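Written below as C-alpha cells is the structure these notes are about.
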Amino acid sequence: MLQEMIEEGLADLTISADEFSQLLIRLLDYGVLCRDESQIEGQFYDRYLQCSELVEDYLSLIKVRIQHDRRFCFVRIFPPGASVPGMADDDHSAYNSGFRQRPSQQEVALILVLRVEYEKALRDGQVDDKGCVVLALESLAIAHKNLLKRPLPDHAGERRALFKRLRQLRLIRYNSEQELDLAESWISIHPSVTSFVDDEVLARLYPPDPPPLDSAVAAEEGDDVL
C-alpha cells in the first residue's frame, strides 16, 4: 500500500522512483542534507522539498524523525528514540538507541565547544545571513582547553579525523585539511550544531549573562520598598 501511495505521489511530481530512492539512500547514509554544502547536496535538498511529505511518510514507518530547518536550508534525521531539540518526545517510544553511529567522546566534546562558541557569537550578533559563525582555530583550541580542561588532539592525523567527522555531520566547514594544522586558519560553524546540543545542556555549559549591576540593585531596592 505504501509503495502504491508513493508511486501515485511521484506521478504528480517530476521525480522518478529511482531519484526518490537515491534521495532516501543519501539521507539515511549521511543523516543530513545541507543545501549550501555542495552542488550535489543542494540538488538532493531541493528534491527533498518537492517530495518531503512522501519522505516523511516513508521514514515514519521505522520511527525515524526528521528535523527540517527551512531558514538555514538543512534536513537532519534522528534514529528511533532519539531526543530532538525543538520537537516533542514520544513518551511511549520503545527504543533506547538507533541505527545511526554515535559520536565518540572526542567528537561530543568538540561539538559541545562548538555549540558554546556558536551561542556566544549569536548573542554578539556575529552570525552571517546563512546562520553560520566563523571561528579561528586558535580561538577554538583555547575555548576547548578552557571549557573542558583538556586540549584538542595533538596528533595531526587524529585532529584531522575529528574535524572531518564533524564536517560529515554538516556541523562545520573548512577549505582543506592542510589548513587544520595552522592556528591562524578558520572554520565555519553551521547552525545545525544547535540540533546536537539542547538548551538545557547549553545552559549548564554557558549560563545566560547576569543582569547589569544597576538593574540588580534597582530590583533589590524595589523589593525593600514593597
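Do you know which residues across region 144-158 are under 15 Å from Leu114 (Cα atoms) and either hydroxyl-bearing (Ser, Thr, Tyr) or outside any loop (DSSP other than H, G, I, E, B) (or both)? Correct list: His144, Lys145, Asn146, Leu147, Leu148.
Does Ser83 satisfy being at pLDDT below 90, more than 15 Å from Val32 (Cα to Cα), open to solvent by 60 Å² or more (accessible area, probe 1.4 Å) and under 14 Å from the mean Cα position of the chain (by Cα)? When the stated conditions are applied, Ser83 passes them. Scanning region 179-192 for residues that are surrounded by fewer than 17 Cβ atoms within 10 Å (Cβ to Cβ) and either assigned to a helix (DSSP H, G or I) or touching a His at 6+ places or on another chain (Cβ under 8 Å) (or both) yields Glu179, Asp181. Of all residues in region 27-64, exactly one satisfies the criterion of being out of contact with any strand residue (DSSP E or B) (no Cβ under 7 Å at 6 or more places or on another chain), within 16 Å of Leu169 (Cβ to Cβ), part of a helix (DSSP H, G or I) and free of Cβ contacts under 8 Å to residues at least 24 places away in the same chain, namely Asp29. Is it fair to say Leu135 is open to solvent by less than 40 Å² (accessible area, probe 1.4 Å) and farther than 16 Å from Ser185 by Cα? Considered against the rule, which asks whether it is open to solvent by less than 40 Å² (accessible area, probe 1.4 Å) and farther than 16 Å from Ser185 by Cα, Leu135 comes out as no.
None of Leu171, Leu147 is touching a strand residue (DSSP E or B) at 6+ places or on another chain (Cβ under 8 Å) and surrounded by 13 or more Cβ atoms within 10 Å (Cβ to Cβ) except Leu171.
If you go through region 43-55 one residue at a time, do you hit one that is under 16 Å from the mean Cα position of the chain (by Cα), at pLDDT 95 or above and either open to solvent by less than 50 Å² (accessible area, probe 1.4 Å) or among the hydroxyl-bearing types (Ser, Thr, Tyr) (or both)?
Going through region 43-55, the residues under 16 Å from the mean Cα position of the chain (by Cα) turn out to be 45.
From what's left, at pLDDT 95 or above: 45.
Now drop any that are not either open to solvent by less than 50 Å² (accessible area, probe 1.4 Å) or among the hydroxyl-bearing types (Ser, Thr, Tyr) (or both), which leaves 45.
Scanning region 43-55 turns up at least one residue that is under 16 Å from the mean Cα position of the chain (by Cα), at pLDDT 95 or above and either open to solvent by less than 50 Å² (accessible area, probe 1.4 Å) or among the hydroxyl-bearing types (Ser, Thr, Tyr) (or both).
Applying the criterion of being open to solvent by 90 Å² or more (accessible area, probe 1.4 Å) and part of a loop (DSSP other than H, G, I, E, B) to the residues of region 10-26, the residue that is farthest from Gln50 (Cα to Cα) is Asp12. Within the set Ser195, Ser176, the sole residue that is surrounded by fewer than 12 Cβ atoms within 10 Å (Cβ to Cβ) and either at pLDDT below 90 or out of contact with any Asp or Glu (no Cβ under 9 Å at 6 or more places or on another chain) (or both) turns out to be Ser176.
The values are calculated or read from the model by the stated rules, or taken from the named source; none is laboratory data. None of the values given here were measured: they were computed from a predicted structure. Don't worry about glycine lacking a Cβ; one is built from the backbone with ideal geometry, like all the others, and counts go over all protein chains shown. When the accessible area is computed, the model is the full protein with side chains, heavy atoms only, and any ligands, DNA or RNA have been set aside. Shrake-Rupley method; radii C 1.70, N 1.55, O 1.52, S 1.80 Å.
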